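Accompanying notes for the structure given below.
The values are calculated or read from the model by the stated rules, or taken from the named source; none is laboratory data. What you are looking at is a predicted structure, and each value in this text was computed from that prediction instead of being measured. Here the Cβ positions follow ideal geometry from the backbone for every residue, glycine too, while neighbour counts run over all protein chains shown. Protein only, heavy atoms only, side chains kept; ligands, DNA and RNA dropped before computing areas. Shrake-Rupley method; radii C 1.70, N 1.55, O 1.52, S 1.80 Å.
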Amino acid sequence: MVSEKEFRQGLRDIWVRPGMTLEVHSSLSSFGHMESGIEAVIRALQEAVTQGGSIFMPALRLSREMDLSPSDREMGIVTKIKILEPDCERSAMGLIADTFRKMPDVCTGEGVFRTSGWRKNGGKAADSGLRYALEQGGKLCSSGWIFTN
């Protein structure tokens, strides 16, 4: 169990700072269960980058992998997923991203390969997806690791 305080300190330890553009790919299980829940994860990320920063998360309309039938295997299919409706409740992106995209102050793009964005330039998610974060020198936070371009 991770406390909200420990999670906030972890963000500081990996150099998440005010004003930065942060692209987040994570699952709740990647760092253990958060005692305050999913909203606490998102709140801590938002407070770390502040309103002067941006957070982007994938909001792909894709399901988790589906079971393959014998005929699927016969045809050589190795993975099967389906495209979800735009207002789907859950996706393969995980609870953090699914909760984030449904928040009232988050902008989400169109199409299957969409992105959600928050605050400064958050609306860019609708225009250019995750490419915007890369072009702005953003950082990628994935299950506790930070990668820079």
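Couplings 3J(HN,Hα) of the stretch 14-21, computed from phi: 9, 6, 6, 10, x, x, 7, 9 Hz, in residue order, whole Hz [Karplus 6.51 cos²θ - 1.76 cosθ + 1.60, θ = phi - 60°; x for Gly and Pro].
Normalising the average separation of contacting C-alpha pairs (under 8 angstrom, six or more residues apart) by the number of residues puts the relative contact order of the stretch 1-124 at 28 percent.
The shape of the stretch 8-149 comes out prolate: with a ≥ b ≥ c from the C-alpha gyration tensor, a/c is at least 1.5 and a/b beats b/c. Accessible surface calculations at 1.4 Å, restricted to protein heavy atoms, place the stretch 8-149 at 56 Å² per residue. Take the Cα of SER36, step 7 Å toward its Cβ, do the same at TRP15, and the gap between the two points is 2.6 nm. Taking a straight line from the alpha carbon of LYS139, these lysines sit under 26 Å away, with near neighbours fewer than eight places off in the same chain left out: LYS5, LYS102, LYS120, LYS124.
FRET efficiency for LEU68 and LEU134, Cβ-Cβ distance as r, R0 = 30 Å, nearest 0.05? If you can, show how the numbers build up before the last one.
Details: r = 34 Å, r/R0 = 1.13.
So the FRET efficiency works out to roughly 0.30.
Before rounding to the nearest 500, sum -39500 (n - 2.57) across all DSSP H runs of length at least 4 in the chain and divide by the residue total; then give [θ] at 222 nm in deg cm²/dmol.
So the helix-based figure for the chain works out to -7500 deg cm²/dmol.
The accessible surface of the chain, taken with every protein chain in place and a 1.4 Å probe, is 53 percent carbon and sulfur.
Given R0 = 35 Å, the distance between the Cβ atoms of VAL2 and VAL78 translates into a calculated FRET efficiency of 0.50.
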